[in-house]
Every structure is written in structure tokens, then in C-alpha cells.
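Report on the following structure.
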Amino acid sequence: IRYSRKKADKNRWHFLLGQLMEQEGHREYAISHYGKVARSNADYEMVFHAKLNKTFLQSAVYKDSERQAAALRAMLRDDKNGEYKDQILYYIAETYVQSGHPEEALDYYRRSLAIQSANRHQTTQTHLRLGDYFFEAKDYSHAGLHYDSAGMFIPIDFPDVLNVQKKLGSMDRLITAFRTVG
């Protein structure tokens, strides 16, 4: 970062470091790097994702899910975030999952899916989360519906797409077996 001459390059490095720190479990460092991008004049998509990631991570680090959900809901009201509402709703749901309030999370996952969006990554991710939730709750009919929907929406460049497709196939066979037995 220190050797980058252009602000755009520095912002990109900060964003990448935020992602890396988040992936490695260093949430405080990730929050710091995302914060630098969020306060910058980088392109709006990068600033939006930096704010979204920072806000979500803060709820995990500082254990104040209600405040973070409120901050995310404020992002929903910003007209500039119109095309990102499905993602914001998903992160609000994730905040409620982390704080042990699955009923509230379900509502926000469903609201995320109700948004007409071209973002197939987000739609797939939301269906996967709902499928996992219903599977754990032993509600196999709803789990199967969400896994089937995830399979219909999954884009080729989805992270770890081959393993996700294998999981979806396995879950379909497992749910079919549960329905047969039950």
C-alpha cells in the first residue's frame, strides 16, 4: 500500500486486505481496512461493499447485533443502494443468525429473495442458507425447495461451485430418502 502511487490502487489494496483479514479471522484488522475504503472516494460499488462488510463484521466483533442491524437497515433507506437491497437484507439476516434470533433472520432472508435482482450469487447464497436452516430443523420439504432453487440459480463462477453442486446433489438424494422413509 505504501508504494502505491494512485489512490485507486491504495483503496483496492485496502479492500483486498480487508477480505484477506476477514478470511483469516482477523476481524478487527478487516474492519480497519474496510473502513479506509468506506471513507474514501473510490467507486461506489467498492465503497458500498466495504461499508457492508465493515458493518457486518462489527456486529460479530462487538456483539451488538441490534445496533448493526439498525445500521444495515439505514443502508436500505439510501437511494444509492437500490440495486443492493437483496445483499443488505441478507446481511441483516446473518446478523440475526449470529445473535441467536433465527426467526428474525428467516424474515430477512425471505425479504432478500423477494427483491427482483440480477445478482444470481446472492440469490444462490440465500437459498443455500435457507436450505441449510430448514434441513437442520428437519423440515425436509422446505429444505428441498431451497436446495432446488439454489441449483437453478447457481452461476458458474460461484465460489467453490463444484463442491456446492455435489452438496446439492447429495442433499437432493438425502431429502428424497427422508421423504420416502417418513
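Here Ala137 clears all of (1) among the aliphatic types (A, V, I, L, M); (2) under 28 Å from Glu66 (Cα atoms); (3) touching a residue at least 12 places away in the same chain (Cβ under 8 Å) except the condition numbered (3).
Contact map, the stretch 81-101: residues that are under 20 Å from Val47 (Cβ atoms) paired with residues that are hydroxyl-bearing (Ser, Thr, Tyr) and surrounded by fewer than 18 Cβ atoms within 10 Å (Cβ to Cβ), Cβ distance under 6 Å, separation 6+ or inter-chain. Pairs shown: Asp86/Ser117.
Is there a residue in the stretch 147-161 that is open to solvent by 60 Å² or more (accessible area, probe 1.4 Å), without any contact (Cβ under 8 Å) to a residue 24 or more places away in the chain and assigned to a helix (DSSP H, G or I)? Yes, the stretch 147-161 contains at least one residue that is open to solvent by 60 Å² or more (accessible area, probe 1.4 Å), without any contact (Cβ under 8 Å) to a residue 24 or more places away in the chain and assigned to a helix (DSSP H, G or I). Restricting attention to the stretch 12-29, the residues that are open to solvent by 60 Å² or more (accessible area, probe 1.4 Å) and of a type outside the set (Phe, Trp, Tyr) total 10.
The values are calculated or read from the model by the stated rules, or taken from the named source; none is laboratory data. Owing to the predicted nature of the structure, the values given are computational and were not obtained by experimental measurement. Counting neighbours? That spans all protein chains shown, and the Cβs are built from the backbone with ideal geometry, glycine included. These area figures cover heavy atoms from the full protein model, side chains too; ligands, DNA and RNA do not enter into them. Shrake-Rupley method; radii C 1.70, N 1.55, O 1.52, S 1.80 Å.
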